[in-house]
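Below is one structure; the comments refer to it alone.
The values are calculated or read from the model by the stated rules, or taken from the named source; none is laboratory data. Fair warning: this is a prediction, and the values are worked out from it, not measured in the lab. Cβ coordinates were reconstructed from backbone atoms using ideal geometry, including for glycine residues, and neighbour counts include every protein chain displayed.
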Amino acid sequence: MQTYRLTKSTASVLQVLLDSSEGRPAWGLSICRDADLGPSTVYPILDRLEERGWVSARMEVGPHPGRPPRRFYELTDRGRQLANEALEKRKDYMSRWARKG
């Protein structure tokens with residue numbers, strides 16, 4: 001399995017995606033808001049996650065008056081598994097690091 005560099009920003013985006021649901025889907029600007037990150041940080045992360053098969057994206061269908069359609073992002077089954085594993089490893093690492101300090 002290829003490793004993925006899990007920066008604080010990437011961890012934040014993954015957590016937002018894990019917290020999203022069918023009834024509360026994640027789209028670009030909502031991810032920026034919920035992760036407290038700017039679009040120039042979030043969109044490259046989403047692109048990399050999509051290239052690696054962790055995330056799939058789909059365009060909004062239905063009415064969206066006065067704005068362009070949103071692009072919804074969701075973790076693939078494999079992406080959800082890998083995200084959970086990566087966040088757990090990061091949490092363990094940060095916990096060990098904090099104890100050393």
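Scanning the range 9-41 for residues that are charged (D, E, K, R) and either outside any helix (DSSP H, G or I) or modelled with pLDDT under 95 (or both) returns E22, R24, D36. The listed residues are R67, R96, and the only one of them that is surrounded by fewer than 11 Cβ atoms within 10 Å (Cβ to Cβ), of a type in the set (K, R), part of a loop (DSSP other than H, G, I, E, B) and out of contact with any strand residue (DSSP E or B) (no Cβ under 8 Å at 6 or more places or on another chain) turns out to be R67.
Please verify whether L75 is touching a residue at least 12 places away in the same chain (Cβ under 8 Å) and under 10 Å from the mean Cα position of the chain (by Cα), treating the condition exactly as stated.
yes
Of R80, R48, all but one fail to be closer than 12 Å to L17 by Cα, at pLDDT 95 or above, out of contact with any strand residue (DSSP E or B) (no Cβ under 7 Å at 6 or more places or on another chain) and part of a helix (DSSP H, G or I); the exception is R80. If you go through the range 38-55 and keep only what is surrounded by 14 or more Cβ atoms within 10 Å (Cβ to Cβ) and out of contact with any helix residue (DSSP H, G or I) (no Cβ under 6 Å at 6 or more places or on another chain), you end up with Y43, L46, R48, L49, E50, R52.
Determine, yes or no, whether L29 is touching a helix residue (DSSP H, G or I) at 6+ places or on another chain (Cβ under 9 Å) and surrounded by 14 or more Cβ atoms within 10 Å (Cβ to Cβ). Judged against the criteria, L29 is not a match. For beta carbons closer than 9 Å, sequence separation of 6+ or different chains, a first residue in the range 40-58 that is under 11 Å from L82 (Cβ atoms) and a second that is among the hydrophobic types (A, V, I, L, M, F, W, C) and not in a helix (DSSP H, G or I), the qualifying pairs are L49/V55; L49/L75; W54/L75; V55/L75.
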